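Please read the structure below before turning to the comments.
The values are calculated or read from the model by the stated rules, or taken from the named source; none is laboratory data. From a predicted model like this one, the values you see are computed outputs, not experimental measurements. Don't worry about glycine lacking a Cβ; one is built from the backbone with ideal geometry, like all the others, and counts go over all protein chains shown.
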Amino acid sequence: MINKDEFKKEVYEDILRLSKENKLTSLERPAEIHVTLDAFSVENDILTPTFKLKRNIGAKVYKEQIDEMYKVIDEKTLKREAAKAAQ
């Protein structure tokens, strides 16, 4: 059985591999991802009846996870900058 962190890592690595194969720029590649078992649906009000994402609702529902992703990105950036400064 694979745990959530291992699964997230596998999915993220696959996304990065596909983005490189398709020649996406670094701005087009996700810096962090969140994996959830909750489906986006009309019933939970995250999608419209035409299956478009309700961004404002999604941002409210996943605020905690979005904030955590930005925290991880900030930590990675600080580590990368510290490593460059140490050279």
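Some notes on this structure:
- Whether a residue is out of contact with any Cys (no Cβ under 8 Å at 6 or more places or on another chain) and surrounded by fewer than 10 Cβ atoms within 10 Å (Cβ to Cβ) was assessed, and residue 5 passes this test.
- Against the list (1) in contact with a Leu (Cβ under 9 Å, 6 or more places away or on another chain); (2) at pLDDT below 95; (3) of a type outside the set (Lys, Arg), the condition residue 34 fails is (1).
- Leading residue by the ranking (surrounded by the fewest Cβ atoms within 10 Å (Cβ to Cβ)) among those in the range 58-87 that are of a type outside the set (Gly, Ala, Ser) and more than 17 Å from the chain's Cα centre (by Cα): 87
- Output for the range 30-57, where each listed residue is surrounded by fewer than 10 Cβ atoms within 10 Å (Cβ to Cβ) and of a type outside the set (Val, Ile, Thr): 37, 38, 39, 43, 49, 51, 52, 55, 56
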